[in-house]
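A short write-up of the structure that comes next.
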Amino acid sequence: MKKLGLSLLILAIALMLGGTAFAQGDNSVYFTTYYANNTAAAPDATVRFINDGDTNGNLWAAIYVFDDSQELTECCACVITPDGLLSESVKTELTANPLTGRVPTRGVIKVISSSSNDPTATVPAAGLRGWATHIQSAANKTPYGPAPYTQTETAFADSNLSSGEQALLQNLCYYDALLSGSPCSCTPEDHDF
């Protein structure tokens, strides 16, 4: 009987400690996802971020858009107020003004949660959470003809932000701004595209 009591006590302590860990929240500051089928014939993908309000201040989503050849095509920083929602169109806001002049059909989107409004000088600060819709090419046909695309939505992946990665993103964005002069655009929070 003593073994059962000791086992229950250990289990109770483990559950309390585990519950405390869950209550602490997520301090991620760097997020990644992909986009695909970014063509005129396909539906538009969407990137959404919220400010969880934990900092009681504005945060910026420093967004870096890459093509599938690992080349930065656009960057910008979009403000998100506490408890605010930012919705960005991949077609019309994140890939519409690429440095190369060629709109990428697929690639990677990286985001730093920052207390700075400058994507070339980010100050990482936890508090953003993000999701993205993904346009998938469908191989199936419906009874009414082909169903060329399906859409899924997933959370951005929490990623590890090293000082080298942060410096690289900031430098690439700096040179993008010098060469193109047209960062990706940001939709105001109270507008959805």
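Details
- Residue pairs meeting the criteria (Cβ under 7 Å; at least 6 apart or on separate chains; first of a type outside the set (Phe, Trp, Tyr), in the stretch 178-190; second part of a loop (DSSP other than H, G, I, E, B) and modelled with pLDDT of 80 or more): 179/99; 180/97; 180/99; 182/97; 184/97; 189/81; 189/84
- Complete set of residues in the stretch 147-169 that are under 19 Å from residue 98 (Cβ atoms) and either surrounded by 15 or more Cβ atoms within 10 Å (Cβ to Cβ) or not hydrophobic (A, V, I, L, M, F, W, C) (or both): 169
- In the stretch 162-193, the residue that is modelled with the highest pLDDT out of those that are under 13 Å from residue 62 (Cα atoms) and not in a helix (DSSP H, G or I) is 186.
- Residue identified as buried (at least 19 other Cβ atoms within 10 Å of the Cβ) and more than 24 Å from residue 182 (Cα to Cα) among 135, 112: 135
- Qualifying residue in the stretch 70-85 (condition: under 15 Å from residue 32 (Cβ atoms), in a strand (DSSP E or B) and small (Gly, Ala, Ser)): no
- When the stretch 20-34 is limited to residues that are at pLDDT 95 or above and surrounded by fewer than 19 Cβ atoms within 10 Å (Cβ to Cβ), the one that is farthest from the chain's Cα centre (by Cα) turns out to be 34.
- Residue check for residue 55: surrounded by 14 or more Cβ atoms within 10 Å (Cβ to Cβ), assigned to a strand (DSSP E or B), out of contact with any Lys or Arg (no Cβ under 6 Å at 6 or more places or on another chain) and modelled with pLDDT under 95: no
- Here is the figure for the stretch 108-139: residues that are over 19 Å from residue 170 (Cβ atoms) and not charged (D, E, K, R) total 11.
Residues are listed down the side, and each one gets a yes or a no for (1) under 14 Å from residue 173 (Cα atoms); (2) surrounded by fewer than 23 Cβ atoms within 10 Å (Cβ to Cβ); (3) of a type in the set (A, V, I, L, M):
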position	(1), (2), (3)
36	no, yes, yes
41	no, yes, yes
44	no, yes, no
50	no, yes, yes
61	yes, no, yes
73	yes, no, no
89	no, yes, no
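The values are calculated or read from the model by the stated rules, or taken from the named source; none is laboratory data. Nothing here was measured: the structure is a model prediction, and the numbers come from that model. With ideal geometry, Cβ positions are generated from the backbone for all residues, glycine too; neighbour counts draw on all protein chains shown.
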